[in-house]
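What follows is a short report on a single structure.
Just so it is clear, none of the values below were taken in a lab; they were calculated from the coordinates. Predicted, not measured: the structure shown is a model, and the values here were computed from it. We place every Cβ from the backbone using ideal geometry, glycine too, and count neighbours over all the protein chains shown.
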Amino acid sequence: MQSRIIQYTSEINEFKPASAAELEEFRIKFLGTKGIIKDLFEEFKSVSAEEKRVLGKVLNEFKKLAEEKHALLKAEFEENSEEDTDYEDLSLPGSGFEVGGRHPLSLVRKEVVEIFKKLGFIVAEGPEIEDDWHNFTALNFAKEHPARDMQDTFFIKKDAENGDIALRTHTSSVQVRMMENGQPPFRAIMPGRVYRNEAISARAHCFFHQVEGLYVDENVSFADLKQTLFYFVQELFGEGTKVRFRPSYFPFTEPSAEMDISCSLCGGSGCTMCKGSGWVEILGCGMVDPNVLENCGIDSNKYSGFAFGMGIERMANLKYEIKDLRLFSENDIRFLKQFQSELV
Ligand code: PHE
């Protein structure tokens with residue numbers, strides 16, 4: 001009898017019903033009125049008093065095991081069958097749909113493009129993987145010129161003979177492509193992504209966005225450059241925004257300048273954004289160096305031009321006070337949602 005109980009015990013332990021019907025069969029087999037346990041208790045009556053002492057305990061434990069197993073499986077089936085019903089809990093909150101918003105960088109780029117469109121500028125684009133000629137050499141960066149180090153380049157292929165292949169470090173490469181493929185007048189802006197090998201932090205990133213501008217025609221002067229950028233700033237940051245130019249250096253422009261605007265946050269009285277100076281730098285610019293025009297097959301005695309380049313992140317930083325550059329590429333819905341009201 002004891003060996004049978006051991007056998008039944010392992011049968012019960014291993015029992016895994018696939019359906020409620022199978023579980024019911026189990027119940028009838030072991031716990032039913034004509035079931036195994038009932039029989040065992042019948043049999044128990046006729047064993048010797050000595051055996052009874054041991055067997056009684058074993059038998060009771062076995063009964064308990066069968067009952068508990070049955071109760072557990074029954075509860076499991078009931079729980080699952082509840083899920084299977086078509087019942088819908090109308091008090092549950094809905095899952096909802098998030099409304100998408102335009103990325104702040106797209107918003108700013110659109111605004112910049114619209115302003116220049118009013119001045120007759122068209123939009124031009126170029127590849128993000130560039131060769132040495134378009135990113136550097138045609139733009140008057142001499143072979144070993146330290147200015148190449150100004151922009152930490154991500155090289156894709158180093159090739160001393162045919163020129164390196166790299167991710168463009170600025171959108172000025174599009175200037176070259178445009179001038180190579182036509183004759184003046186040119187009046188275009190070139191928005192796009194650029195790459196620099198910098199450690200990612202709140203203030204620097206390995207990629208960002210620029211808008212480059214190019215205007216080449218007969219008799220274009222620095223006065224045209226100033227007036228164009230002055231108009232742009234009034235449109236983007238509001239009338240009354242002051243500008244100032246500081247001499248600077250770029251290999252592809254001569255003379256070169258950096259342009260500051262009166263701080264858009266404090267209006268010029270001094271705050272943390274402008275570090276107390278009242279001015280914030282927003283772009284680089286200058287008259288296209290005659291060498292660049294010649295490199296692109298344009299007669300520098302007949303034509304002159306100006307170019308400028310700005311970072312879109314920088315504009316967004318000033319417009320929306322977004323101080324951490326990393327936010328732009330994290331795709332955090334809580335950040336992006338804040339610009340939804342600006343849907344255009
Ligand atoms: N290409 C320059 C930069 O990335 C910006 C610039 C463009 C300066 C055009 C002058 C003229 O820093």
Q: Quick one: what are the phi-derived ³J(HN,Hα) couplings along region 219-226, Karplus 6.51/-1.76/1.60 with θ = phi - 60°, whole Hz, x for glycine and proline?
A: 6, 7, 10, 4, 5, 5, 4, 4
(Q) Using DSSP to call loops (not H, G, I, E or B), can you name the trypsin sites (Lys or Arg not before Pro) in region 160-233 whose Cβ has at most 12 other Cβ atoms within 10 angstrom? (A) ARG203
Q.
Please report the net charge: other residues with Cβ closer than 15 Å to the Cβ of ARG4, K and R +1, D and E -1.
A. -3
Q: Report the net charge of residues surrounding LEU31, where surrounding means a beta-carbon distance below 14 angstrom and charges are Lys +1, Arg +1, Asp -1, Glu -1.
A: +2
Q | Rounded to whole Hz, the Karplus (6.51, -1.76, 1.60) HN-Hα couplings of region 304-315, x for glycine and proline | A | 9, x, 10, 9, 8, x, 9, x, 5, 4, 4, 5
Q) Of the residues GLU111, GLU144, GLU130, which exhibits the maximal mean-square fluctuation in a Gaussian network model of the chain defined by a 10 Å Cα contact cut-off? A) GLU144
Q. To the nearest 10 degrees, how steeply does helix 49-84 sit against the main Cα axis of the chain, on a 0 to 90 scale?
A. 40
Q: Count the net charge of all other residues whose Cβ sits under 14 Å from the Cβ of VAL47, scoring Lys and Arg as +1 and Asp and Glu as -1.
A: 0
Q: Would you mind checking which residues have amide H under 5 Å from VAL220's amide H? H placed 1.01 Å from N; only 5 or more apart, or other chain.
A: SER304
**Q.** Volume in Å³ per residue [convex hull over Cα atoms, computed for region 227-317]
**A.** 103
Q: Could you tell me which Cys residues in the chain have no other cysteine's Cβ under 4.7 Å from their own Cβ, answering none if every one has a partner?
A: CYS206, CYS285, CYS296
**Q.** Angle between the chain longest axis and helix 104-118 axis [Cα atoms, degrees, rounded to 10]
**A.** 30
